[in-house]
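Right, one structure below, let's go through it.
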Amino acid sequence: MTSTLRLAEVTAANFDAAIELKVHPAQAHLVAPVVKSLAEAYVHPGVAWPRLIFDGDRLVGFLMAFLDIDFAGDGTGTDIRSGLWRLNIAAGEQGRGYGRFAVEAVAAEIRRRGGDRLTASWHPGDDGPERFYLRLGFRLTGETSGDQVVGELALD
Ligand SMILES: CC(C)(COP(=O)(O)OP(=O)(O)OC[C@H]1O[C@@H](n2cnc3c(N)ncnc32)[C@H](O)[C@@H]1OP(=O)(O)O)[C@@H](O)C(=O)NCCC(=O)NCCS
């Protein structure tokens, strides 16, 4: 299946379809809508790396990575990290390996830039994506980011 999977940039041609992409209504509290992520990408150029996930011609998901940010936010620049900022797999497309593909694609981009770890944060609890991240090999760092827990995947 993965041979048909690809990432694509958001363009004028696919923008309308991109912002129509929705997770299950019951998951809406877990991840920002695509349109908000794209607005954030606009105000954080060079840091945000938004991409659509296509299976053949079918739009199945959206991801946004963050690249080389001052994670502690204390201005010292001693804690530079990259990782997954947003991940939205469309309601009817979950459980088919698209989320795994998205994480692997971000991992490849971070490796390409010389990084050796992928940071993510998520809402803890059984109704959230924690088991997905742990299944992929993420380990909790013990940190929090707002009301989210922070996890990290070591890249070899
Ligand atoms: C969480 C999410 C990104 C997972 O994407 P997905 O395409 O459904 O997951 P995949 O099919 O790639 O699953 C990869 C692996 O994780 C496992 N997995 C996925 N969700 C799981 C869950 N809720 N509980 C347990 N295992 C889970 C799968 O079984 C699979 O394991 P396998 O490869 O050994 O069979 C997706 O469901 C989603 O968009 N959820 C709503 C929004 C959200 O929570 N986003 C994350 C914000 S931080």
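The values are calculated or read from the model by the stated rules, or taken from the named source; none is laboratory data. Quick caveat, the model's predicted, so the values are computed rather than measured. For neighbour counting, all protein chains shown are included, and Cβ atoms are generated from backbone atoms with ideal geometry for every residue, glycine included. For accessibility, only protein heavy atoms count, side chains too; no ligands or nucleic acids. Shrake-Rupley method; radii C 1.70, N 1.55, O 1.52, S 1.80 Å.
Structural remarks
- Count of segment 26-66 residues, restricted to those that are of a type in the set (A, V, I, L, M, F, W, C) and within 10 Å of the chain's Cα centre (by Cα), is 7.
- Of all residues making up segment 105-156, the number that are part of a helix (DSSP H, G or I), within 18 Å of ARG51 (Cβ to Cβ) and basic (Lys, Arg): 2
- Residue that is surrounded by fewer than 21 Cβ atoms within 10 Å (Cβ to Cβ), touching a residue at least 40 places away in the same chain (Cβ under 8 Å) and near the ligand (Cβ under 8 Å from one of its atoms), where the choices are GLY115, GLY128: GLY128
- Qualifying residue in segment 31-52 (condition: within 16 Å of the ligand (Cβ to nearest atom) and among the aromatic types (Phe, Trp, Tyr)): yes
- A single member of SER145, SER121 is in contact (Cβ under 8 Å) with a residue 24 or more places away in the chain, within 26 Å of ALA26 (Cα to Cα) and more than 8 Å from the ligand (Cβ to nearest atom), and it is SER145.
- Conditions (1) over 13 Å from the mean Cα position of the chain (by Cα); (2) more than 9 Å from the ligand (Cβ to nearest atom); (3) under 20 Å from ALA13 (Cα atoms); (4) not in a helix (DSSP H, G or I); number of the one not met by ILE69: (3)
- Enumeration of residues in segment 41-86 that are open to solvent by 20 Å² or more (accessible area, probe 1.4 Å), touching a strand residue (DSSP E or B) at 6+ places or on another chain (Cβ under 7 Å) and within 16 Å of ALA17 (Cα to Cα): PRO50, ARG51, PHE54, ASP55, LEU59
- Top-ranked residue of segment 90-104 - restricted to ones that are open to solvent by 20 Å² or more (accessible area, probe 1.4 Å) and part of a helix (DSSP H, G or I), ranked as nearest to LEU30 (Cα to Cα): ALA91
- Against the list (1) within 9 Å of the ligand (Cβ to nearest atom); (2) farther than 15 Å from LEU5 by Cβ, the condition ARG100 fails is (2).
- Qualifying residue in segment 8-30 (condition: open to solvent by less than 80 Å² (accessible area, probe 1.4 Å) and either in contact with a Lys or Arg (Cβ under 6 Å, 6 or more places away or on another chain) or of a type in the set (Lys, Arg) (or both)): no
- Filter result for ILE110 (crowded, with 16+ Cβ neighbours inside 10 Å, away from the ligand (no atom under 15 Å from the Cβ) and touching a residue at least 40 places away in the same chain (Cβ under 8 Å)): yes
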